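The values are calculated or read from the model by the stated rules, or taken from the named source; none is laboratory data. Keep in mind the model is a prediction, meaning the values are calculated, not measured. Cβ placement follows ideal geometry from the backbone for every residue including glycine, while neighbour counts extend to all protein chains displayed. The area values use the complete protein model at the heavy-atom level, side chains included, leaving out ligands, DNA and RNA. Shrake-Rupley method; radii C 1.70, N 1.55, O 1.52, S 1.80 Å.
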Amino acid sequence: MYLTRFRVNTARSGARALLASPQRLHGAVDMAFPEPAARDGNGPRVLWRLDEAPANRVDLLISSPGRPDLTHLAEQAGWPILGAQGWTTFAYAEFLDRLAAGGEWAFRLTANPLHHIRRETDPVGAPTKRAAHVTVEHQVGWLLKHQERAGFHVLPRETGADDGGGQDTDTKALPVQWHYQLVVHDRTAVRFQRRGEHLAGQRGARSGAGTGTDVRFTRVTFDGRLRITDLAAFRRTLTHGMGKSKAYGCGLMTLAPVR
């Protein structure tokens, strides 16, 4: 397993085109690997995410079972003069091997929180349909609902913690997200036309893109602290992703030491 960080040069028109199209960026990430990773759910898959930072910095993070070659991305959306120094790849498997049950980590997860509904107007017995969670409360609820199966628990906020203004806060009286060491941000409704023309003749067509298919989902980023409860399940979460829309920049969780 490898974890790669690529800094996007947002001044380049090619970079802006990729940032505006999850499908194009998916295709560009896909083309970084001579041999595609299996997508049958039995092994690690390629995951990616965009992280924004101060000073208009945008980083592309890629988790993958094989080492990527981002030469094409450097030429289109980076600094070509840097060559292979335009991105940094880490040996992710070594990090995964050092994780232990009970360990506490800061985390970031960009995900597509979904639930299944049946509308009142639907016929009796009609199958449920996927629908996006659109409120912070429901998005946090989605994360909490899936955390046990994913092998972790989001750490609760201490009762009577300082609210930042010198006042102690009773978390029972606050919205659900304030019960946990968790911040929800970059809540974005994504919508685009998924087309296959620009992938003609390229391996990116493996995404199964049809012509004119309308793709809609809600992308949310969670920053917080967690405790590992099931090591095997948690490693699977980190390498297989969490939730839906993994091809379009969702599902990747990354960790950092708790300060």
Residues satisfying the stated conditions in the stretch 64-73, i.e. more than 20 Å from residue 96 (Cα to Cα) and crowded, with 22+ Cβ neighbours inside 10 Å: 70, 73
Subset tally (residues that are open to solvent by 90 Å² or more (accessible area, probe 1.4 Å), modelled with pLDDT of 60 or more and more than 30 Å from residue 231 (Cβ to Cβ)) for the stretch 146-181: 1
Residue 102 in a helix (DSSP H, G or I) and either surrounded by 17 or more Cβ atoms within 10 Å (Cβ to Cβ) or in contact (Cβ under 8 Å) with a residue 12 or more places away in the chain (or both): no
Residues of the stretch 231-248 that turn out to be more than 12 Å from residue 46 (Cβ to Cβ), part of a helix (DSSP H, G or I) and open to solvent by 30 Å² or more (accessible area, probe 1.4 Å), as a count: 4
Some residue of the stretch 33-41 being more than 28 Å from residue 184 (Cβ to Cβ), surrounded by 13 or more Cβ atoms within 10 Å (Cβ to Cβ) and in contact (Cβ under 8 Å) with a residue 60 or more places away in the chain: yes
Counted residues, the stretch 1-31 - those being in contact (Cβ under 8 Å) with a residue 24 or more places away in the chain and within 18 Å of the chain's Cα centre (by Cα): 20
Failed condition for residue 84, given (1) small (Gly, Ala, Ser); (2) at pLDDT below 95; (3) in contact with a Gly (Cβ under 9 Å, 6 or more places away or on another chain): (3)
Search result, residues across the stretch 220-259 that are farther than 19 Å from residue 3 by Cβ and of a type in the set (D, E, K, R): 225, 227, 230, 244, 259
Cβ pairs under 7 Å, 6+ apart, first in the stretch 232-259 and closer than 14 Å to residue 26 by Cα, second at pLDDT 95 or above and open to solvent by 30 Å² or more (accessible area, probe 1.4 Å): 249/50
Any chance residue 61 is open to solvent by less than 50 Å² (accessible area, probe 1.4 Å), within 22 Å of residue 221 (Cα to Cα) and part of a helix (DSSP H, G or I): no
Criterion (assigned to a strand (DSSP E or B), surrounded by 14 or more Cβ atoms within 10 Å (Cβ to Cβ) and not acidic (Asp, Glu)) met by exactly one of 7, 16, 45, 24: 7
